[in-house]
Amino acid sequence: MTPDVQATPHASLRDAVNLADIETLGRAALDQGALEYYASGANDEHTLRENRAAFTRARLRPRVLMDVSGVDTGTSVLGLPISSPIGIAPSAFHGLAHPDAERATARAAHARSSVMTLSTFSNTPIETVGADAQGRFWFQLYLLRDRALSRSILDRAHAAGARALVFTVDAPFLGRREANERHRFALPAHLSAPNVASRAELAQVETDSGSQLANYFQNLVDKTFTWRDLDWLRGQTPLPIILKGVLTAEDAVLAAEHGCHVWVSNHGGRQLDTAISSFEALPEIVDAVAGRSEIYLDGGVTRGTDVLKAVALGARAVFLGRAALWGLAAAGQRGVERTLELLEDEFRLAMALCGAARIEDLTPALVRL
């Protein structure tokens, strides 16, 4: 639980009034292995905590005597209209949270006119999620050493209706998540990763020396891929490409020069501990990109004011990782929908109290860093 957000225990989703309440419900619904997998950050978890703290330090400079009688939170991402600049980030293994797994998350994204990003390591096949999302999903790719398998996955994502490819660039190796190592995290026997591996393949991965996922991942992902190889990736898919895991102006410039959009992220504090927070990295990346690409952000978003601050500083949209998973664990599709609804309501109120009736009214002048 983030220390600056107060939650009161509630018996049901109906009583939840903020995302901290939903987190309390979600955590209570999970077993130890699933909870540690979702909640853990890398090493001492400094970056995990800093993602939240950076938003808290920023202060708002509201304008007054503005007509906010009809606040409109609507925007678009890569041409897809969404009800607010709030989407769902990719995260693996939704089946740890709820039997409906990624299907529930996709249905919630569609119901709330949002967009879901489906992980390569989902528990549900791409085609099934695509049918539930009804065009409201992007696909996240870890580039595999087996290029033929990567091509097959990309073809499946496009055929299933994915509207963009989110290429994760900050994970040639998995960060060390010590709780997972200590307790030797492994997928339960009833779950698999059907986009990349069968249950039988996963069962053969040894867990005596730590996390099953980390051991499997090390041999699966291509660690040789560089900026020079982006042309190859572009040749495999007609979808727009978003590079997820960018934290510096230097890499943002390279992304824009390669015709890619930019997702500011430190992987939820799960990769390089003491890395800069996503929110702190945002201004230099916005300046460097200079309007050439859309910019997205994840990491630490739990309040409508967080959404407002990120959008005011130049993010096209923010994306929820753990927050969506807490909703999923709490009540499946309804829990994810309620998470999106609460955050959108908070964002709408924050806009009004800052004197902003439209997304276009959110400018850097509203935020003091």
Q) Condition test on Phe137, is it touching a Gly at 6+ places or on another chain (Cβ under 7 Å), within 25 Å of Tyr37 (Cα to Cα), at pLDDT 95 or above and not basic (Lys, Arg)? A) yes
Q. Is it true that His94 is surrounded by fewer than 19 Cβ atoms within 10 Å (Cβ to Cβ), within 29 Å of Asn180 (Cα to Cα) and in contact with a helix residue (DSSP H, G or I) (Cβ under 9 Å, 6 or more places away or on another chain)?
A. no
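Would you confirm, using the coordinates I've provided, whether Arg338 is in contact with a helix residue (DSSP H, G or I) (Cβ under 8 Å, 6 or more places away or on another chain), modelled with pLDDT of 95 or more and of a type in the set (D, E, K, R)?
In short, yes.
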Q) Taking the condition crowded, with 16+ Cβ neighbours inside 10 Å, within 30 Å of Glu36 (Cβ to Cβ) and not aromatic (Phe, Trp, Tyr), does Ala214 pass? A) yes
Q: Read through the list (1) part of a helix (DSSP H, G or I); (2) at pLDDT below 95, then give the number of the only condition that Leu230 fails.
A: (2)
Q: Pull up segment 156-188, narrow it to residues that are in a helix (DSSP H, G or I) and touching a residue at least 40 places away in the same chain (Cβ under 8 Å), then point me to the one that is nearest to the chain's Cα centre (by Cα).
A: Ala157
Q) Val205 fails exactly one of the following numbered conditions: (1) in contact with a Phe, Trp or Tyr (Cβ under 6 Å, 6 or more places away or on another chain); (2) modelled with pLDDT of 85 or more. What is the number of that condition? A) (2)
**Q.** Subset of segment 211-227 [modelled with pLDDT of 90 or more and in a loop (DSSP other than H, G, I, E, B)]
**A.** Asp222, Lys223, Thr224, Phe225, Thr226
Q | Matching option when the condition is surrounded by fewer than 24 Cβ atoms within 10 Å (Cβ to Cβ), more than 27 Å from Leu30 (Cβ to Cβ) and in contact with a Ser or Thr (Cβ under 6 Å, 6 or more places away or on another chain), among Arg348, Arg368 | A | Arg348
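The values are calculated or read from the model by the stated rules, or taken from the named source; none is laboratory data. What you are looking at is a predicted structure, and each value in this text was computed from that prediction instead of being measured. Please note: Cβ atoms are built from the backbone with ideal geometry, for glycine as well, and neighbour counts cover all protein chains shown.
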